[in-house]
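Please treat every number below as a calculation from the coordinates, not as lab data. Being a predicted model, the structure only gives us computed values, none of them experimental. All Cβ positions, glycine included, derive from the backbone under ideal geometry; neighbour counts span all protein chains shown.
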Amino acid sequence: MKSNLIQGFRVLYLVGLIFLLLSFFLDWYSFQIFDSNKNILVSWNYNVLFEWSTPLSDDFALNRASRPENISVPWVINLIAIISIIVSGYIVLFKNVEQTESTKYLIHFTYVNAFLLLLVLFFLLVFPLLYLLPRALYFPLIYLEDLETGFNYFYSIGFGYLSHIIAFLLIFPYNIFYFRTANQFEKENNTPEMLVKKLIKRTEENLDLDKLIAQEEIKSKFKNSNQQHYVDPILNRYIKGAENTE
């Protein structure tokens, strides 16, 4: 049951990455003005990659004059986000934390996934606070009627921003699971017993001199450590085992 749940989170994570990638090619925000007869006079849509665009022709003078100020999210951030999405997808597909045989780089993979999660939060929080509201672009949704002019103003987030929200909800659970599992593996691989095994493996056990070097290396590594009393019994046990096999 637990395994099925984890696999479900993994599938949702991959679906979330698809939503993230698509969000960069969808409109994140829209601004429109209508007259009293609901005829559209102004229409501008914002995309984080392509800036502001309008479906109206150049004949709409009011539309040209009402073009919102450029937001200009740095292209480097967009590029890093897209690369992170691709790399994270590769990690989740081919570096399955539940079935991996080598845990050497798992903790590094978690950094990539965590970094992507932070980038998603950046777009969700910083985008409206730093780019929209200072430019009087209301967030997330508002409809205003100007009784003097008869104009109606409509401000709204778009499908790109909504896709980012959905993606965050989809990638968060498996991201946390991946981090906790990799962190647990990292702790298990750095216990005194595992470190002793690794250090002994690096030496030639058939030579007395090499045994002495291994012993001194292990002792120096744990010198002044509160784990020293765990290390000595483990070390003695492995040394006796090596002597019995000779």
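Using 1/(1 + (r/R0)^6) with R0 = 41 angstrom and r between the beta carbons of Phe94 and Arg135, what's the FRET efficiency to the nearest 0.05? Don't skip to the end; give the middle numbers.
Details: r = 42 Å, r/R0 = 1.03.
Once the sixth-power term is evaluated, E becomes 0.45.
For Leu124 and Phe172 in one chain, what is 0.36 nm times their gap in residues minus the Cα-Cα distance, to one decimal in nm? Kindly include the intermediate steps, with their values, before the conclusion.
On the way: separation 48, 0.36 × 48 = 17.28 nm, distance 1.39 nm.
Taking 0.36 nm per residue and subtracting the Cα distance, the gain is 15.9 nm.
Can you compute 3J(HN,Hα) from phi for each residue in the stretch 34-50, using the Karplus curve 6.51 cos²θ - 1.76 cosθ + 1.60 with θ = phi - 60°, rounded to whole Hz and x for Gly and Pro?
Running phi through 6.51 cos²θ - 1.76 cosθ + 1.60 with θ = phi - 60° gives 10, 8, 5, 9, 6, 7, 7, 10, 9, 8, 10, 10, 10, 10, 5, 8, 10 Hz.
For the peptides 15-24, 33-42, 81-90, what is the packing order when you average, over each peptide's residues, the other Cβ atoms within 10 Å and list the highest mean first?
On the way: 15-24: 19.9, 33-42: 13.6, 81-90: 17.2.
Per-residue Cβ counts within 10 Å, averaged per peptide and sorted highest first, yield 15-24, 81-90, 33-42.
From the phi angles alone, apply the Karplus equation (6.51, -1.76, 1.60; θ = phi - 60°) to the stretch 6-23 and give each ³J(HN,Hα) in whole Hz, x where the residue is Gly or Pro.
Karplus values, whole Hz, x for Gly and Pro: 5, 4, x, 4, 5, 5, 4, 4, 5, 5, x, 5, 5, 4, 4, 5, 5, 4.
Most exposed first by the Cβ proxy, i.e. fewest other Cβ within 10 Å, how do Trp52, Trp44, Trp75, Trp28 rank?
Trp75, Trp52, Trp44, Trp28
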